[in-house]
Amino acid sequence: MYFNVYSDTGSKIDGYLIPDGFSTKPRISVHSGEIDLGLFECDVFLAGPYNLKHHETGVVGFSLDETKIANLSRLDAIEIRDADSGFTFYRRLQPELHVLKRVFRLETQFAPHQELDRSLRPFFQFFSAGAERFGSETVRQMLEVSNQPSTYVSGRVMLKGVQQFITDDTIRITSLRDPFYELAIRIWSLATSKRRNLAFISDRDRILFGPAMSYFDKLNLADFDDVRRRIRSAPRDVLTLFESPFTQQLVASSPSDKVSRDAISNALDALSQFNIFDAKETDGRWAEDISMILGIDSDKVAFSAVRSPFLEFAEALREINLLEHVLENDLILFHFIQRAEKRATNAEFS
């Protein structure tokens, strides 16, 4: 999907929407707050998309004015969406409300920080969380969206596949946490996915983690002895799915790629390029750093730090020796990060 609003004069809005389907006729829906202002066919021919074979007919442009939407120039909270998917790709800028910065947050947690994303949504003109649910072209368009100076994109995407599209002026935010804690979250999520409607597990996840979902289905997560037995007897193809997800996400091209020990230095280099990074998530300092760099009151930024019962579950997993090999790269990465933080702290107080 490609999209853009290249002109908003108040009384007229011009843009385009190129859907994923080559022959699909794009439609937009326009809203102002809770008010539905109408459904409109894209009816403007654009030579570029047609010549580049992005769309069969090239009729992907739209033009909205006050003959189509009464009082368009006086509506502050205008939103334009892809009518078929509901994806909002344009909001009218409200300078008194929106943060005039570009932000990309690399989500590394399998169970995403939706509370953080939801709390930041009102402060951005363009907002998209869970970018991993979309195709690569759509994610690229999100990161490169023009004529919207206030943008926020987050997602559990492969960094290598998107970093070339992140603009130089973009604030980059990410976090890690204890690899055993993250493993506990992943096993719990996959083991309960057939009984719970976990929206953050995408269709791609269900395909990729299918063997683990089947193997851990109906696992008694409260019985740590049973958990240990099941993990120790798990097939290799199941354990492979949990191999060092942090390192893999930072340096690999796809979730199925294997990463070697040499990748750790590349992962550290990738993390060094982020403006805000937290490797613990044990308190609220990460949220405070985010609020400070964005100029938002800290009490407006919601964040859930690590918590029970996953802390206890993580400790039970830590007793399973073979998991040290499964998480080897992440454990080494985490060790280097903690050592660097300790050196920085000692230097600060020396």
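The values are calculated or read from the model by the stated rules, or taken from the named source; none is laboratory data. Keep in mind it's a predicted model, so treat the numbers as computed, not measured. Heads up, the Cβs are rebuilt from the backbone with ideal geometry, glycines too, and the neighbour counts pull from every protein chain shown. Note: accessible area is taken over every heavy atom of the protein model, side chains too, but ligands, DNA and RNA are not part of it. Shrake-Rupley method; radii C 1.70, N 1.55, O 1.52, S 1.80 Å.
Restricting segment 10-51 to residues that are free of Cβ contacts under 8 Å to residues at least 12 places away in the same chain and over 29 Å from the mean Cα position of the chain (by Cα) leaves a set whose member that is nearest to Gln148 (Cα to Cα) is Gly48.
Scanning segment 59-116 for residues that are of a type in the set (Val, Ile, Thr) and without any contact (Cβ under 8 Å) to a residue 24 or more places away in the chain yields one hit, Thr67. Sort out which residues of segment 1-59 are out of contact with any helix residue (DSSP H, G or I) (no Cβ under 8 Å at 6 or more places or on another chain), part of a strand (DSSP E or B) and β-branched (Val, Ile, Thr), and write them in order of number. Result: Val5, Ile28, Val30, Ile35, Val44, Val59. Filter segment 172-198 down to the residues that are over 14 Å from the mean Cα position of the chain (by Cα), of a type outside the set (A, V, I, L, M) and not in a helix (DSSP H, G or I) and list them by number. Correct list: Arg177, Asp178, Ser193, Lys194, Arg195, Arg196, Asn197.
Among the residues of segment 293-310, the one identified as buried (at least 19 other Cβ atoms within 10 Å of the Cβ) and over 22 Å from Phe110 (Cα atoms) is Leu294.
Of all the criteria given as (1) closer than 30 Å to Glu137 by Cα; (2) in contact (Cβ under 8 Å) with a residue 40 or more places away in the chain; (3) surrounded by fewer than 18 Cβ atoms within 10 Å (Cβ to Cβ), the one not satisfied by Arg228 is (1). Between Leu221, Leu239, Leu250, the distinction of being modelled with pLDDT of 95 or more, open to solvent by less than 40 Å² (accessible area, probe 1.4 Å) and under 18 Å from Phe180 (Cβ atoms) belongs to Leu239 only. Put simply, of Val59, Val5, Val99 the only residue that is of a type in the set (A, V, I, L, M), surrounded by 18 or more Cβ atoms within 10 Å (Cβ to Cβ) and more than 24 Å from the chain's Cα centre (by Cα) is Val59. Taking segment 253-265 as the range and being surrounded by 12 or more Cβ atoms within 10 Å (Cβ to Cβ) and either part of a helix (DSSP H, G or I) or without any contact (Cβ under 8 Å) to a residue 60 or more places away in the chain (or both) as the test, the residues that pass are Asp257, Ala263, Ile264, Ser265. Here the condition is being over 25 Å from the mean Cα position of the chain (by Cα), open to solvent by less than 40 Å² (accessible area, probe 1.4 Å) and among the aromatic types (Phe, Trp, Tyr); of Phe216, Phe209, it holds for Phe216 alone. Selection of segment 266-292 for residues being open to solvent by less than 50 Å² (accessible area, probe 1.4 Å), assigned to a helix (DSSP H, G or I) and touching a strand residue (DSSP E or B) at 6+ places or on another chain (Cβ under 7 Å) yields Leu271, Trp286, Ile290.
The requirement of being open to solvent by less than 20 Å² (accessible area, probe 1.4 Å) and either farther than 24 Å from Val99 by Cα or under 20 Å from the mean Cα position of the chain (by Cα) (or both) is satisfied by Phe313.
Scoring Ser214 on the criteria (1) closer than 21 Å to Glu328 by Cβ; (2) assigned to a helix (DSSP H, G or I); (3) among the hydroxyl-bearing types (Ser, Thr, Tyr) leaves a single failure, condition (1).
Answer with yes or no whether Phe165 is of a type in the set (Phe, Trp, Tyr), under 25 Å from Asp117 (Cβ atoms) and in contact with a Pro (Cβ under 7 Å, 6 or more places away or on another chain). For Phe165, the condition - of a type in the set (Phe, Trp, Tyr), under 25 Å from Asp117 (Cβ atoms) and in contact with a Pro (Cβ under 7 Å, 6 or more places away or on another chain) - is not met.
Of all residues in segment 31-46, none are within 20 Å of Gln141 (Cα to Cα), out of contact with any Gly (no Cβ under 8 Å at 6 or more places or on another chain) and open to solvent by 30 Å² or more (accessible area, probe 1.4 Å).
For segment 62-103, the set of residues classified as of a type in the set (Val, Ile, Thr) and in a strand (DSSP E or B) consists of Ile78, Ile80, Thr88, Val103, listed by residue number.
Within segment 316-330, restricting attention to residues that are touching a helix residue (DSSP H, G or I) at 6+ places or on another chain (Cβ under 8 Å) and in a loop (DSSP other than H, G, I, E, B), the residue that is nearest to Leu97 (Cα to Cα) is Leu327. The single condition among (1) closer than 21 Å to Ala191 by Cβ; (2) at pLDDT below 95 that Lys280 does not meet is (1).
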